[in-house]
Amino acid sequence: MSILHKAAQQTETDKIIAFDVVDSTNSMNLSVRLEDGRGIIVPLWWFPRLAGVGKRALELAEVFPHGIHWEALGEAIPVESFTKGIPDTSPWAKAWRSEHGYSNFDERAEERVQELRESQYGVREAAELLGVSRQRIHALIQAGRLSATKLGTDYVITLRDLQCVGERKNGRPRKRQEPQVPSVVALL
């Protein structure tokens with residue numbers, strides 16, 4: 001399963017609707033427009049496999065809601081790379097950036113990836129934090145009451161989303177009882 005197919009299974013609403021290659025004075029950048037109106041620009045050197053490719057070849061990308069794909073280059077970038085600020089973290093990409101003077105960037109990127117991992121939980125951890133069963137977490141996700149990203153066969157849930165669900169009171173809301181008005185017959 002490709003990275004774009006995995007990204008397509010997510011439940012988040014970040015969807016790419018437009019893509020462009022922006023040529024600045026000293027580097028090229030990738031620009032995306034998301035469905036919610038946000039525009040995000042990242043430097044091309046985040047993705048070294050694309051760094052040596054010309055602008056025309058880059059513009060031949062296929063844009064999907066959950067990523068960008070270059071069939072001829074065999075390269076794909078998921079939407080999360082733009083929205084969460086995560087570059088290619090493969091060993092090859094790190095080596096390339098080190099050779100080209102971007103080594104301190106990889107340290108910051110690793111810190112960012114670690115922060116994201118620490119603020120996200122699997123179904124089991126989410127169930128423990130909320131004091132409910134794993135089945136209940138799955139039910140909340142399926143009902144759309146708990147936002148989660150599906151990665152392969154697992155769900156990843158952010159701490160913020162868990163806090164929103166955790167603030168709800170347990171059980172069903174009580175029915176409002178109408179005030180009892182004494183009947184006229186009882187008063188006579």
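The values are calculated or read from the model by the stated rules, or taken from the named source; none is laboratory data. Because the structure is a prediction, the values reported are computed rather than measured. Note: ideal-geometry Cβ built from the backbone for every residue, glycine included; neighbour counts use all protein chains shown.
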Would you check if there is a residue in the stretch 98-113 being outside the structural domain of Pro48 (by TED's automatic domain parsing), outside any loop (DSSP other than H, G, I, E, B) and modelled with pLDDT of 80 or more?
yes
Given (1) modelled with pLDDT under 80; (2) crowded, with 17+ Cβ neighbours inside 10 Å; (3) assigned to a loop (DSSP other than H, G, I, E, B), number of the condition Thr89 does not satisfy
(2)
How many of the residues making up the stretch 56-74 are buried (at least 17 other Cβ atoms within 10 Å of the Cβ) and either assigned to a loop (DSSP other than H, G, I, E, B) or of a type in the set (D, E, K, R) (or both)?
2
